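Written below as structure tokens is the structure these notes are about.
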Amino acid sequence: MTEKTEDWKPIPIEMAHPESVDPRKIRLFKEPEWILRMTIEGDRSYTRVKVVRAAPLTEPNRYFSILDSKDEAICTVKDLSELPEESRPLVHEELDKRYLTAEIQKIEALQNEYGVTYWTVDTDRGSRDFVAKSVAENAQWLGDTRVMIFDVDGNRFEVPDIKALDRRSQGLLESVV
């Protein structure tokens, strides 16, 4: 052997994702039942993938991306109907877990201290207490009367129509947003 072993360096394995993916060739499956995997027919397979919305607030039912284990986009699918029928329930399941949103129906109490707001609300998922920093920065208006509020843990609380809230709740909400 005449090679110099001191010059040898390991070469990292790089995964180049395909430039374009035909959504009809995507097969999503779980193996084991808690790990989502993907195969692109006739091309390659991924041992762990995530499904995320590309526009979660404005287009929640269209445009989603499939990410690899390093959170790099493998592909984007415009519409769920483009995928094979057996993969669609898995996409719904993954998106429902990732984008769990509680709908605020009534604001019971609201306390604002030094830019931190303490909320007690009734939601479609029951009574909730949460904390949001700087509501002006952590609330996103999705229309004239629709607002999404993100708490310090990244949970999402939505008021689909401020006008549908009772007067007291409207007043409390308007005092902080």
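Please indicate, with yes or no, whether at least one residue in the stretch 82-96 is basic (Lys, Arg) and at pLDDT 90 or above. Don't jump to the end; show me each part of the working.
Of the residues in the stretch 82-96, the ones basic (Lys, Arg) are 88.
Filter once more, keeping what is at pLDDT 90 or above: 88.
Yes - at least one qualifying residue is present in the stretch 82-96.
Being more than 30 Å from residue 158 (Cα to Cα), exposed (fewer than 12 other Cβ atoms within 10 Å of the Cβ), outside the structural domain of residue 158 (by TED's automatic domain parsing) and in contact (Cβ under 8 Å) with a residue 24 or more places away in the chain is the requirement here; does residue 86 meet it? Lay out the reasoning, then the answer.
Details: more than 30 Å from residue 158 (Cα to Cα): yes; exposed (fewer than 12 other Cβ atoms within 10 Å of the Cβ): yes; outside the structural domain of residue 158 (by TED's automatic domain parsing): yes; in contact (Cβ under 8 Å) with a residue 24 or more places away in the chain: yes.
Yes.
I'm trying to understand the selection: among the residues of the stretch 154-163, which are touching a residue at least 12 places away in the same chain (Cβ under 8 Å) and out of contact with any Lys or Arg (no Cβ under 6 Å at 6 or more places or on another chain)?
Kept after step one, since they are touching a residue at least 12 places away in the same chain (Cβ under 8 Å), are these residues of the stretch 154-163: 155-163.
Result: 155, 156, 157, 158, 159, 161, 162, 163.
Return the pairs, sorted by first residue and then second, in which the second residue is surrounded by 13 or more Cβ atoms within 10 Å (Cβ to Cβ) and assigned to a loop (DSSP other than H, G, I, E, B), the first residue lies in the stretch 38-65 and is polar (S, T, N, Q), the beta carbons are less than 8 Å apart, and the residues are 6+ apart or on different chains.
Close Cβ pairs (under 8 Å, with a partner that is surrounded by 13 or more Cβ atoms within 10 Å (Cβ to Cβ) and assigned to a loop (DSSP other than H, G, I, E, B)) amount to 58/142; 65/54.
Restricting to the stretch 30-47, name every residue that is out of contact with any helix residue (DSSP H, G or I) (no Cβ under 8 Å at 6 or more places or on another chain) and closer than 14 Å to residue 17 by Cα.
Taking the stretch 30-47 and keeping what is out of contact with any helix residue (DSSP H, G or I) (no Cβ under 8 Å at 6 or more places or on another chain), we get 31-35, 37-39, 44-47.
38, 39, 44, 45, 46, 47, listed by residue number.
Which number in (1) hydroxyl-bearing (Ser, Thr, Tyr); (2) closer than 30 Å to residue 18 by Cα; (3) assigned by TED's automatic domain parsing to the domain that holds residue 170 marks the one condition that residue 118 misses?
Residue 118 satisfies every listed condition except (2).
Answer with yes or no whether residue 98 is under 30 Å from residue 27 (Cα atoms), surrounded by fewer than 16 Cβ atoms within 10 Å (Cβ to Cβ), touching a helix residue (DSSP H, G or I) at 6+ places or on another chain (Cβ under 7 Å) and of a type in the set (D, E, K, R). Step through it out loud before you land on a result.
Numbers: under 30 Å from residue 27 (Cα atoms): yes; surrounded by fewer than 16 Cβ atoms within 10 Å (Cβ to Cβ): yes; touching a helix residue (DSSP H, G or I) at 6+ places or on another chain (Cβ under 7 Å): no; of a type in the set (D, E, K, R): yes.
Criteria not met by residue 98.
Any chance you could count how many residues in the stretch 134-163 are modelled with pLDDT under 90 and either basic (Lys, Arg) or in the same structural domain as residue 60 (by TED's automatic domain parsing) (or both)?
So the answer is 1.
Quick grid of which residues meet (1) surrounded by fewer than 18 Cβ atoms within 10 Å (Cβ to Cβ); (2) out of contact with any Phe, Trp or Tyr (no Cβ under 9 Å at 6 or more places or on another chain); (3) among the β-branched types (Val, Ile, Thr):
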| residue | (1), (2), (3) |
| --- | --- |
| 103 | yes, no, no |
| 108 | yes, no, no |
| 114 | yes, yes, no |
| 141 | yes, yes, no |
| 157 | no, no, no |
| 164 | yes, yes, no |
| 169 | no, yes, no |
| 173 | no, yes, no |
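The values are calculated or read from the model by the stated rules, or taken from the named source; none is laboratory data. What you see is a predicted model, and the numbers here were worked out from it, not measured in a lab. Cβ coordinates were reconstructed from backbone atoms using ideal geometry, including for glycine residues, and neighbour counts include every protein chain displayed.
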